[in-house]
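Working notes for the structure below.
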Amino acid sequence: MSVKKIEHIGIAVKSIEKAKEFYEGVLGLTCYAVEEVTDQKVKTAFFMVGETKIELLEATSEDSPVAKFIDKKGEGIHHIAFAVENASQALKDAETKGVQLIDKQSRKGAEGLDIGFIHPKFTFGILAEFCSK
Ligand code: CMX
């Protein structure tokens, strides 16, 4: 597998509108897209920072992984997404090396990317995502 860059950093927040006050008002970034990902039970907001994105994540239901994360750990860094050539292949490669997957195959995420997660227990406590176009 070849990781090309950090595609985005996912940050769990209670309210995108509230968090935007910092990312736009203080850091001067521009929110270029807001999208709901029904499958993942989240609303997302994206900001470009150089070649990497910040993805704010707000839960859209109480059983959303983001709602559970905030309940347990509070707001903060939720995951790091690595850009790869082929997310499904990267998941298979990781599994071959003994890593426990959350997604056996990639699925469609925000911005139409193919995404798949591997379990934080196997990545030293950081939820990791592979994504490809
Ligand atoms: N980062 C680091 N550790 C995490 C974590 C995260 N984001 N989410 C959960 N954990 C840890 C918990 O703290 C817990 O650790 P301990 O056993 O030491 O207490 C362990 O993982 C199990 O967590 P849990 O609360 O019991 O939660 P679940 O097992 O129900 O789910 C996870 C955890 C990661 C499997 C689930 O959140 C998941 O499938 N995530 C992938 C999908 C996702 O997060 N989607 C939202 C973003 C979508 C997007 O970006 O588009």
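Being closer than 24 Å to ILE16 by Cβ and under 12 Å from the mean Cα position of the chain (by Cα) is a property that does not hold for ILE102. The set of residues in segment 75-133 that are charged (D, E, K, R), within 9 Å of the ligand (Cβ to nearest atom) and in contact with a helix residue (DSSP H, G or I) (Cβ under 7 Å, 6 or more places away or on another chain) contains only ASP103.
Selection of segment 55-72 for residues being of a type outside the set (Ser, Thr, Tyr), open to solvent by 30 Å² or more (accessible area, probe 1.4 Å) and either more than 8 Å from the ligand (Cβ to nearest atom) or touching a residue at least 40 places away in the same chain (Cβ under 8 Å) (or both) yields GLU58, ALA59, GLU62, ASP63, PHE69, ASP71.
Based on this model, can you work out whether GLU129 counts as in a strand (DSSP E or B) and surrounded by 20 or more Cβ atoms within 10 Å (Cβ to Cβ)? Break it down stepwise before answering.
Working: in a strand (DSSP E or B): yes; surrounded by 20 or more Cβ atoms within 10 Å (Cβ to Cβ): yes.
So GLU129 passes the test.
The one condition from (1) open to solvent by 60 Å² or more (accessible area, probe 1.4 Å); (2) in the same structural domain as LYS133 (by TED's automatic domain parsing); (3) farther than 17 Å from HIS8 by Cα that GLU85 does not meet is (3).
The values are calculated or read from the model by the stated rules, or taken from the named source; none is laboratory data. The structure presented is a predicted model; accordingly, all values stated were derived computationally and were not measured. Here the Cβ is made from the backbone with ideal geometry for all residues, glycine too, and neighbour counts use every protein chain on show. Only protein heavy atoms, including side chains, enter the accessible area calculation; ligands, DNA and RNA are left aside. Shrake-Rupley method; radii C 1.70, N 1.55, O 1.52, S 1.80 Å.
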